[in-house]
Amino acid sequence: MSADDTVPISTAETPAGFSGHAPGHPKSGGLNTGAFLTVLVLAWFALLVLFPLGAVVRGAFREGFTVFLAALSTPEAGHAFGLTLFITVISVIVNVFFGVAMSLVLARQRFPGVTLLSAIVDLPFAVSPVVAGFMFIILFGPEGWLGRWFEAGGIRIVFALPGMILVTMFVTLPFVTREVVPVLMEAGVEQEEAASTLGAGSRRTFRSVTLPTVRWGLSYGIALTTARALGEFGAVLVISGSIIRRTQTATLHIHQEFTDFDYEGAFSASLVLAAVSFFMLIAMELMRRRADERRG
């Protein structure tokens, strides 16, 4: 066929349903679904996160930076933040140890009831922190199942530091386990068995093989545990009694300041906790990306 015999396809001869656009691309002039969804998500995020955070920043600095520092320099604020830091450190250390141990049990051991144990680990996710606080009062109160024995020995659990540490460990219990178990399951046991075959003992195998394998998941679990412990309110409120300069944590201090109409003090302390949580989120995101890059 010659060039003169070539018949151009007219518009009328275009097959039905053909729009001239590549598949998967939006039609020109049509609704851009992706852009609409992006705007909707950003608006929702701004409404729930950015606007409230902006209100906290504005409230904290409404009277000036000097008032902001003065609100954080009171003995009550200093004690509350110090107590929060202490409880957080203890809770993280204990939950890292037992969280890794629980992860090894769930990922490496098979025994009757392992599925039930795995479900129970998630119990703090399902139980309200306030309910958790009442559970510990029933257990460790003066007339509780265990509390009467501690009271007889002169050890006070409820409305004291030990009870606050216990409830904080309870609400933060699942985070390390839920981050480490999937990593152990994905890694398998081949490297650990190889190390054992080469003569490495169980401790050396854990230090040289298992721990490096789970370090990014463990780091992410530690970050989540820390953030959760810093911001715990309901369970600590119930178990502590919120006694000023004795059992009042940072979140309870914020509640007290707001109740007493000291809004500058409440906003200032809230901003500090929010800033710490923000940096924790950034750290978690960086750890997640680094872990994904290593797995990729």
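Could you pull the Rg and Dmax for the stretch 106-173, using just the Cα atoms, both in Å?
Calculated on Cα positions, Rg and Dmax stand at 14.6, 41 Å.
Mind ranking 151-158, 206-213, 81-88 by how tightly packed they are, going by the mean number of other C-beta atoms within 10 angstrom, highest first?
Sorting 151-158, 206-213, 81-88 by mean packing, highest first, produces 81-88, 206-213, 151-158.
Sort 183-192, 33-42 for me by packing, meaning the mean count of neighbouring Cβ atoms within 10 Å per residue, highest on top.
183-192, 33-42
Run a plain Debye calculation on the stretch 146-259 (Cα atoms as equal point scatterers, no solvent) and give log10 I(q)/I(0) at q = 0.12, 0.24 Å⁻¹, rounded to two decimals, same order as the q list.
-0.63, -1.21
Spin-label point model (7 Å from Cα, Cβ direction): what's the F233 to I90 distance in nm?
Roughly 2.3 nm, to one decimal.
As a test of the definition: which semi-axes, in Å, follow for the chain when you take the square root of five times each eigenvalue of its alpha carbon gyration tensor? Largest first, please.
Each semi-axis is the square root of five times an eigenvalue, giving 49, 34, 18 Å.
Per 5 Å bin from zero, what fraction in whole % of the C-alpha pairs of the stretch 228-296 is there, up to the bin with the longest pair?
4, 16, 19, 18, 14, 9, 7, 6, 5, 2, 0
Across bins of 5 angstrom width beginning at 0, how are the C-alpha pair distances of the stretch 37-97 distributed, in whole percent?
4, 15, 12, 11, 14, 15, 14, 11, 5, 0
Looking at the calculated P(r) for the stretch 68-185, what percent of the C-alpha pair distances fall above 24 Å?
Everything past 24 Å amounts to 43 percent.
Mind listing the phi-derived Karplus ³J(HN,Hα) values for the stretch 253-260, rounded to whole Hz, using 6.51, -1.76 and 1.60 with θ = phi - 60°, and x for any glycine or proline?
Result, rounded to whole Hz: 5, 4, 4, 5, 4, 5, 5, 8.
Read the figures in this text as sums done on the coordinates, not as results from a lab. What you see is a predicted model; the values in this text were computed from it and never measured. So basically every Cβ, Gly included, is an ideal-geometry build from the backbone, and we count neighbours across all protein chains shown.
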